[in-house]
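Accompanying notes for the structure given below.
Bear in mind these aren't lab numbers, they're just calculated from the coordinates by the rules spelled out. Since the model is a prediction, treat every value here as computed from it, not as a measurement. Note: ideal-geometry Cβ built from the backbone for every residue, glycine included; neighbour counts use all protein chains shown.
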Amino acid sequence: MIEDLDHLAQRLRQLARLTQDLRAENRALQGEIGRRDAQIRSLHGTLETAQSRVDAVLARLPVPPSEAAQEDDAQADDPASEAEDENAIAAPHPAADERRSMHGTT
């Protein structure tokens, strides 16, 4: 009977150590998740910035003549697209001026 109680006490000590170890590991993993989440948010911001810069560069590129002719044909078929295109031409990308000045291109 005493041997059974000793064995049970030993098993409880093992369980307590294992529980402490698992809690410590859990805290470490939660910290790692937090760091990775922050890194992901940072990378998303970098990606959005890069996409905006690429969009701004693409908006400044001239349209090749073959594509311009295709766009003119499409606009002639769709009067609503003409109004959209006029608005797009009249309203440049909102951050384009900021990006140009930031990179010394103005």
**Prompt:** In what sequence do L8, L61 fall when counting other Cβ within 10 Å, fewest first?
**Reply:** L61, L8
**Request:** Please work out whether the stretch 1-61 counts as rounded, prolate or oblate from its C-alpha gyration tensor, where a ≥ b ≥ c are the square roots of the eigenvalues and a/c under 1.5 means rounded, while otherwise a/b larger than b/c means prolate and anything else oblate?
**Result:** prolate
